[in-house]
Amino acid sequence: MARPDRFAERRGTGLALGLIHTGTALGLALFVLPPVVMVVGALTLLKAPLPGDLPEERPDLIAKPTIIVDSGGNEIGLLRGFEQTVDIKQADVPRVMKQAIVAIEDQRFWEHDGVDLEGVARAARVNLEAGGIAQGGSTITQQYVKNVYLNPDQTFERKAREALLAAELEQVMSKETILFRYLETSYYGAGAYGIGAAAEVYFGKSIRDIDVSEAATLAGIVRAPSRLSPREDVDAADARRRLVLQAMLDQGYIDEEEFEREAARTLWLVENGEPPSGPVTVVVPLESKGATAHPFFVDWIESELLDRFGDETVYRGGLTVETTIDPALQARSEQAVRDRLGSTQYPVEMASVTLDHTTGHVLSMVGGRDYGFSQVNLAIGGSTGFQPGSSFKPIVLAEAFSRGLSPETRYRAPASFEVPGCYGEQCTIENYDYKDRGRIDLREATWKSVNTVFAQLVLDVSIPDTVALARELGMERLTSDRDYGASLALGAAESSPLEMASAYGTFANRGVRIEPTGILRVLDDEGNVLLDNAVGLGERVLDEAVADHVTDVLVGVVVEGTGKRAEVEGYTIAGKTGTAQAYRAAWFVGYDPHLTTAVWMGHADKLASLQNINGVGNVTGGSHPAIAFSEIMAAALAGIEPAEFPQPAELPQRATSRDQVVASRSETVANPRSWARTVQADCGGPCFSSDIPAPALIAPPVTLPPTTVPDTQPPSETSAPSVNSQPKQGE
């Protein structure tokens, strides 16, 4: 027969009633405690607070996981610590759960007033025989008191105080509330604090929906979670579950038929393999933390959240993180990468980033071919970054345009160029095809990625100023205290697809840079907005006309130059190829008026040549990276109306005094050059120069090309100076 529930709130904590209860508790102590500690118990009770003067409760543990969702609201990641809590209401706890916990933990819960004399007497006998605390005899009320007011030490002093507070608590709190609070403050193993979390952790469902067998399982854990949790010992947990069911039968909460049916079940952990024969109570796999989809992207988001909010909030604060990732575009980007990698094996890798440069929102991020094999996110450059090759040249171009040079500014384009003031074996920069192109303008030099022109250009516009601009464009791995040389113009500095997409996105956004982000909004566990990136905050780092002129030149790279395979039918694309020294990396970075994409290909674990890769002898930026770019952008732009880039306005003029300028090597312009005393070259370190070299009034010496060309690939760009006898790069 079921026990009656008590619902009435019992108040009345006046002095007379308080003294009665204090005397009762003292009498209980004299009865329960062995003589050797009777004095201690009495003193403890005398020092305890008067009834109605309960101490402050310890704050409830809050450990809610952070949920990460994609742009469509689908969960893609879960970030949590070991602990977990779930908010529930008192009405959510079903009657069967209450019955199960009362049956096994405190049969007389609905009758006693906080301390069960029968239970105390039974425990006292056992403890006297054991010479110490061997059995608790605590009621649910006492256990709740221990959870929220006291420490768990097994001492007579603590037990006496526990009894007094339990008697006191029952005067100010209903039985239903005490039972609910007990269920919510108990630990159930596997990191689950509270009955709501326990139902989710073990059965993957709300506490409202558990059945008799599941309720018996949870009730059985409380006594000793380290031994009786199904995740610690499923057989012990199953035996305990049946013991709870027997107690429920004995106390009339379930009938014989229900007992037989539920006891016939077996606890089964899904991760243990095939289920046993017969009916089972299923224990679901422990929900793993981290990514459930798009793991490289989720790892990046986790890092960004930790930087902003800290561990405690991220892993226990119950945040909801709305991200910018487009799952359809992400899938198409991953497919494009797989197609380009073909049958190759790790460490040959490819990474990509696509973003909306008008908001900074990252729409897709491919960090590598297989997260299961390597968790290093190559889209953010791993730990060291990658040399961008000639995809860095537009940054030099932007610095030149900012100083008053134009796309029509002409430079000598010899087959090779000796870096002025450089001493060592590797102070010569050469064009890929060894051609002397005479005098060409910066537009053609960009289209054909002419190394010797850009080596001169970066010296003329100043290496430190070019580094400063690159950093403003988002290339944070470059540092102002490092000695870069002419090879900087050819990409002899480390970057990442994310940084390069941000830099080119600034050109596309007409000189306004918006910090890339994968986070749209962050909400706390109550729905309050903590962070909102719906509209990116931009910073102008380039004059609008400068950015537009860079774009105008880069459109020609795709139409007339080395990036023809990056074309997207129906759309105007601007971009640049890049190939590192000896084909060690290949890039294509480009954009249309709406979106920007950067693609990198290389070896993840070392600097090695990309040769004979999926049908391409020497991989350049115009091959696999350009093709992948085209496929990704075609998918990204589907459904978006094509648009044209704005016509560039007149470039700003930068006035300079006569003593600030030096004559250009092209003999056609005069440009300021920042003071520097060293020139970086590939000679084992800085190659020292006694001073800024004097302006060259004639063309620099030209090194004749060798009699044979080392490769028959189409021309491509290079990223570092090389000895004449070394192989050159493509595009």
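Odds and ends about this structure:
- Ser226 vs. criteria surrounded by fewer than 18 Cβ atoms within 10 Å (Cβ to Cβ), among the hydroxyl-bearing types (Ser, Thr, Tyr) and part of a helix (DSSP H, G or I): yes
- Condition broken by Ile573, with the remaining ones in (1) more than 32 Å from the chain's Cα centre (by Cα); (2) modelled with pLDDT of 95 or more satisfied: (1)
- If you go through region 459-499 and keep only what is under 28 Å from Leu355 (Cα atoms) and among the small types (Gly, Ala, Ser), you end up with Ala468, Ala470, Gly474, Ser480, Ala489, Gly491, Ala492, Ala493, Ser495, Ser496.
- Each residue in region 416-441 was checked for being touching a strand residue (DSSP E or B) at 6+ places or on another chain (Cβ under 7 Å) and farther than 17 Å from Ser487 by Cβ, and 3 of them qualify.
- Those residues of region 62-102 which are acidic (Asp, Glu) and either closer than 28 Å to Leu329 by Cβ or part of a helix (DSSP H, G or I) (or both), in sequence order: Asp70, Glu75, Asp92
- Taking the criterion of being part of a helix (DSSP H, G or I) and surrounded by fewer than 24 Cβ atoms within 10 Å (Cβ to Cβ), the residues of region 421-462 that qualify are Arg443, Glu444, Trp447.
- Number of the exception - Asp116 against (1) surrounded by fewer than 22 Cβ atoms within 10 Å (Cβ to Cβ); (2) among the charged types (D, E, K, R); (3) modelled with pLDDT under 90; (4) within 30 Å of Glu258 (Cβ to Cβ): (1)
- Scope region 468-504; condition part of a helix (DSSP H, G or I) and without any contact (Cβ under 8 Å) to a residue 12 or more places away in the chain; matching residues: Arg471
- From the options Val599, Val553, residue that is outside any strand (DSSP E or B) and at pLDDT 95 or above: Val553
- Check on Val280, without any contact (Cβ under 8 Å) to a residue 40 or more places away in the chain, out of contact with any helix residue (DSSP H, G or I) (no Cβ under 8 Å at 6 or more places or on another chain) and surrounded by 13 or more Cβ atoms within 10 Å (Cβ to Cβ): yes
- Whether a residue is closer than 12 Å to Phe392 by Cβ, in contact with a strand residue (DSSP E or B) (Cβ under 8 Å, 6 or more places away or on another chain) and surrounded by 24 or more Cβ atoms within 10 Å (Cβ to Cβ) was assessed, and Thr506 does not pass this test.
- Selection from region 379-420 of residues that are part of a loop (DSSP other than H, G, I, E, B) and among the acidic types (Asp, Glu): Glu408
- One residue alone among Glu287, Glu271, Glu260, Glu302 is part of a helix (DSSP H, G or I) and surrounded by 13 or more Cβ atoms within 10 Å (Cβ to Cβ), and that residue is Glu302.
- Any chance Val201 is in a helix (DSSP H, G or I) and assigned by TED's automatic domain parsing to the domain that holds Glu256: yes
- Single residue of Ala328, Ala336, Ala293 found to be in a loop (DSSP other than H, G, I, E, B), under 39 Å from the mean Cα position of the chain (by Cα) and among the aliphatic types (A, V, I, L, M): Ala293
- Test: residue in region 355-378 that is over 30 Å from Gly527 (Cα atoms), charged (D, E, K, R), not in a loop (DSSP other than H, G, I, E, B) and not assigned by TED's automatic domain parsing to the domain that holds Glu539: no
- Filter pass, Leu45 being at pLDDT below 95, more than 18 Å from Ser186 (Cβ to Cβ) and crowded, with 18+ Cβ neighbours inside 10 Å: yes
- Whenever a residue of region 206-223 is more than 11 Å from Glu105 (Cβ to Cβ), its partners that are β-branched (Val, Ile, Thr) and surrounded by 24 or more Cβ atoms within 10 Å (Cβ to Cβ), lying with C-beta atoms within less than 6 angstrom and at least six residues away or across chains, give the pairs Ile207/Ile195; Ala216/Val244.
- Test: Ile254 is within 24 Å of Arg80 (Cβ to Cβ), modelled with pLDDT of 95 or more and assigned by TED's automatic domain parsing to the domain that holds Tyr144: no
- For region 393-407, the candidate set comprises residues that are of a type outside the set (A, V, I, L, M) and under 14 Å from Thr506 (Cβ atoms); within that set, the residue that is surrounded by the most Cβ atoms within 10 Å (Cβ to Cβ) is Phe401.
- Qualifying residue in region 611-619 (condition: more than 29 Å from Ala400 (Cα to Cα), assigned by TED's automatic domain parsing to the domain that holds Asp433 and within 29 Å of the chain's Cα centre (by Cα)): no
The values are calculated or read from the model by the stated rules, or taken from the named source; none is laboratory data. None of the values given here were measured: they were computed from a predicted structure. Every residue, glycine among them, receives a Cβ derived from its backbone with ideal geometry; neighbour counts consider all protein chains shown.
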